[in-house]
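Single-structure report; data block below.
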Amino acid sequence: MSPLEESPLEEKLGIVFKNKELLQLALTHPSCQLAKDYERLEFIGDACIDFILSDFLYEMYPEADEGSLTKLRAALVSTESLARKGEDLSLHEHIQIGKGIDVTNGRERQTVLADAFESIIGALYLDQGFLCVQKVLRAIFDSEARSVIPSDPKSELQEYLQAKALGTPQYTIDAVRGSEHEPVFSCSVKIQDKTYGIGEGGSKKTAQIAAAKESLRMLQSEDKK
């Protein structure tokens, strides 16, 4: 195959590798016991995936807090998720694997596919740079990223109160400080006339979310006493 020809894998990625040796290395499992395999590429691919998907989720869910974003990213970068992406790219048809590895075993197959997917991303980063990898990963994960549901502390608090027959939470914006362009809202939550969580944020909504989260934490703490 000449440097300009596309392999079936490149066709699926929509990318032609400049350095075909990198692509070949990305498909070489350690069990082949060759001088080089995909483990180093897997390392850099893992870092690329974590960072780019973190950035993607941060942009996609502007109201989600750190904990919610962390959970969303964990769902996208799990072995199962990455293995599905490897399956979509038919990596099992291209990986060079030693005779001692049983890829018909479900657990082993998932691990191999996930690792190979990370190594392909690592190779792509070295071959074509960050912006190319960002474009590819956003396209690959777009549908799944939009289908995951970030946790909603306000809904969780409402459900908790309904289960305990404690009524409806009352949100009050108590104060606004800071400049007109960078305000900080302070919100409190009352439950049955008792003030629980207080939260702050750059908008009324984020302040309410913070207050709901703190209220839920306090209520759950009371349950444990």
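We did not get these values from a lab; they are worked out from the coordinates using the rules stated. The model shown is predicted, which means the values in this text are computed figures rather than measured ones. In this analysis, Cβ positions are derived from the backbone assuming ideal geometry, glycine residues included, and neighbour counts consider all displayed protein chains.
Assorted remarks:
- Residue pairs, from the table Lys164/Lys224; Lys154/Lys190; Lys18/Lys99, whose Cα atoms sit over 22 Å apart: Lys18/Lys99
- Cα gyration tensor shape of the chain, rounded if a/c is under 1.5, else prolate or oblate by comparing a/b with b/c: prolate
- Taking a span of 27 Å or more along the helix axis (Cα atoms) and a mean Kyte-Doolittle hydropathy of at least 0.0 as the rule, the DSSP H helices of the chain that qualify are 39-60.
- With an a/c value of 1.5 or above and a/b not larger than b/c for the gyration tensor axes a ≥ b ≥ c computed over the alpha-carbon atoms, the stretch 151-196 is described as oblate.
- In a DSSP loop and with at most 14 other Cβ atoms within 10 Å, the trypsin sites (Lys or Arg not before Pro) in the stretch 10-52 are Lys18, Lys36.
- Relative contact order (%) - criterion: Cα under 8 Å, at least six apart; region: the chain: 18
- Candidates Ile44, Ile209, Ile173, ranked by Gaussian network fluctuation over the chain, Cα under 10 Å, top entry: Ile173
- Of Pro153, Pro183, Pro169, the one that fluctuates the most in a GNM where the chain has Cα springs shorter than 10 Å: Pro183
- Of all aspartates and glutamates in the structure, those lying under 15 Å Cα to Cα from Lys12, and not within fewer than 8 positions of it along the same chain, are Glu87, Asp88, Glu93.
- FRET efficiency, 1/(1 + (r/R0)^6) with R0 41 Å, evaluated for Asp50 and Glu156 via beta carbons: 0.95
- Among Ser31, Ser119, Ser54, residue whose mean-square fluctuation peaks in a GNM of the chain (springs only between Cα atoms under 10 Å): Ser31
- Here is how the number arises for the chain: DSSP H runs of 4 or more residues each give -39500 (n - 2.57), the sum is divided by the residue count, and the result at 222 nm is -18500 deg cm²/dmol.
- Inter-centroid distance (Cα atoms) of the stretch 126-141 relative to the stretch 69-97, Å: 15
- Of the GluC sites (Glu not before Pro) found in the stretch 146-225, those in coil by DSSP whose Cβ has at most 14 other Cβ atoms within 10 Å are Glu180.
- Label-reachable residues, the stretch 209-225, where backbone N falls under 18 Å from a point 7 Å from Ile198's Cα toward its Cβ: 209-219
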